[in-house]
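Notes to accompany the following structure.
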Amino acid sequence: MTRSKVGEWAEVGVDYIQEYLSWLLLGIRDILFWALDTLGPFLRGLDPYVFMLLAIVVSLLITKRIILSLLIGVGFYFINWMGYWTSAMVTLNMVLIATLVAILVAVPLGIWAAKSEKANPAIKALMDFMQTMPAFVYLIPAVIFFGLGVVPGTIATVIFALPPTVRLTNLGIRQVPTEMNEVADCFGSSAWQKLSKVQMPIAMPSIMAGINQTIMLSLSMVVIAAMIGGGGLGSDIIFSLSRINVGMGFEAGLAVVIIAMILDRLTQSFRTEN
């Protein structure tokens with residue numbers, strides 16, 4: 001089969017990155033490994049019932065809703081009762097770190113796109129490309145540059161999950177009423193003051209909606225990342241698939257759904273409160 005030049009160019013690009021940007025790849029790997037290795041043992045080391053109590057308290061502080069907070073505790077109890085606690089903590093660790101990294105990258109990109117009419121078309125085109133690319137394709141460069149394990153799985157998850165936050169940050173800032181920007185200018189606000197005290201607070205509901213979608217995409221990608229050694233509930237699902245074990249696959253999938261619902265309700269409540 002004859003290959004097109006596009007594939008050859010991609011290989012040349014990969015070789016270039018490996019030769020000249022290996023220092024950057026090693027830095028990213030070390031930082032992510034440190035973050036995952038710091039939060040992961042903490043989550044797994046907590047007694048499940050202590051974790052459930054903390055989850056109820058935190059959700060109560062965020063949502064101010066007693067019933068919802070108790071249901072969140074019940075959700076985690078159900079995961080523990082099914083026997084997937086350790087796998088769930090591995091998955092939660094990856095999702096939290098991937099979401100945090102995605103936010104740190106996506107929000108500045110969204111702000112840049114909103115502020116620059118030159119950068120906006122390029123960033124939008126890049127987000128289109130990232131959202132339409134099949135999820136499994138992200139595993140290939142992750143394995144090439146970082147090998148197998150939790151770190152490449154997290155990196156693939158970050159790349160897959162960040163477009164919604166970029167888009168909705170861009171949209172939220174662009175939808176700030178012109179009058180509010182004019183008032184900030186009249187009071188002599190600097191560009192940073194206008195962004196941090198006017199535009200970002202008004203755009204926050206839109207930004208939080210993007211973060212919510214990023215969390216949901218992170219959960220779906222973390223399961224796929226188990227194919228390259230990501231571990232967690234994704235590994236349980238893949239194992240059940242290889243054994244055609246319907247019960248195990250349903251239980252592990254249900255645990256993923258419970259975590260998704262919990263994180264969704266928490267981020268939605270936070271968005272409402274703000």
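Read the figures in this text as sums done on the coordinates, not as results from a lab. All figures in this text were calculated on a predicted structure; none of them were measured in a lab. Neighbour counts run over all protein chains shown; Cβ positions are idealised from the backbone, glycine included.
So between W81 and I144, what do we pick up on full extension, going 0.36 nm a residue minus the alpha carbon distance?
18.9 nm
Can you give the calculated 222 nm mean residue ellipticity of the chain, where each DSSP H run of n ≥ 4 adds -39,500 (n - 2.57) and the sum is split over every residue, rounded to the nearest 500 deg cm²/dmol?
Computed ellipticity for the chain at 222 nm equals -27500 deg cm²/dmol.
Once the piece of chain linking A125 and L53 is laid out straight, how much longer is it, given 0.36 nm per residue of separation minus the C-alpha distance between them?
Gain on extension, A125 to L53, equals 21.5 nm.
With unit charges on the beta carbons (Lys and Arg positive, Asp and Glu negative) and the dipole taken about the Cα centre of segment 1-91, which residue among S59, I28, T91 sits farthest to the positive side?
S59
Kindly give the semi-axes, whole Å and largest first, of the ellipsoid equivalent to segment 43-195, taking each as the square root of 5 times a Cα gyration tensor eigenvalue.
Square roots of five times the eigenvalues give 36, 26, 12 Å.
I want to verify a result. In a Gaussian network model of the chain, Cα cutoff 10 Å, which of these has the top mean-square fluctuation: Q193, Q175, Q131?
Of the options given, Q193 has the highest mean-square fluctuation.
Take the eigenvalues of the Cα gyration tensor for segment 206-251, scale each by 5, and report the square roots as semi-axes in whole Å, largest first.
In descending order, the three semi-axes are 27, 11, 6 Å.
Using all alpha carbons of the chain, what is the percent of pairwise distances in each 5 Å bin, ordered from the shortest bin to the longest?
1, 6, 10, 14, 16, 15, 13, 10, 7, 4, 2, 1, 0, 0
Can you spot the aspartates and glutamates whose alpha carbon is less than 20 Å from K115's alpha carbon? Ignore those fewer than 8 places along the same chain.
In chain and number order, the partners are D128, E179, E182, D185.
Between A10 and C186, with labels modelled 7 Å along Cα→Cβ, what's the label distance in nm to one decimal, could you check?
In this crude spin-label approximation the distance works out to 5.5 nm.
Find how much the distance from R44 to I67 grows on full extension, using 0.36 nm per residue of separation minus their present alpha carbon separation; answer in nm with one decimal.
Result: 5.7 nm gained on full extension.
Checking the table K64/K197; K64/K118; K64/K124; K124/K197 against a 31 Å threshold on Cα-Cα, which pairs fail?
K64/K118; K64/K124
Let me make sure I get this right: for segment 1-113, a, b and c are the square roots of the gyration tensor eigenvalues over alpha carbons, sorted descending. Under 1.5 in a/c it's rounded, otherwise prolate if a/b > b/c, else oblate. Which is it?
Verdict is prolate for segment 1-113.
Please report, in cubic angstrom per residue, the volume enclosed by the convex hull of the alpha-carbon atoms of segment 152-274.
That works out to 98 Å³ per residue.
Suppose a student asked you for the relative contact order of the chain, using Cα pairs under 8 Å spaced at least 6 residues apart; what percent would you report?
After rounding, I find 22 percent.
Residue-wise, which Karplus ³J(HN,Hα) couplings in Hz belong to segment 79-89, taking 6.51 cos²θ - 1.76 cosθ + 1.60, θ = phi - 60°, and x for glycine or proline?
4, 5, 5, 6, x, 10, 4, 4, 4, 5, 5
Using the crude model of +1 on Lys and Arg Cβ and -1 on Asp and Glu Cβ, and no other charge, please compute the dipole size for segment 47-164 relative to its Cα centre, in debye to 20.
280 debye
So what's segment 180-231 giving for Rg/Rh, alpha carbon basis, Kirkwood Rh from the mean inverse pair distance?
Taking Rh as the inverse mean 1/r over Cα pairs, Rg/Rh reads 1.36.
Can you tell me, using C-alpha contacts under 8 Å and at least 6 residues apart, the relative contact order of segment 92-190 as a whole percent?
Here the relative contact order equals 43 percent.
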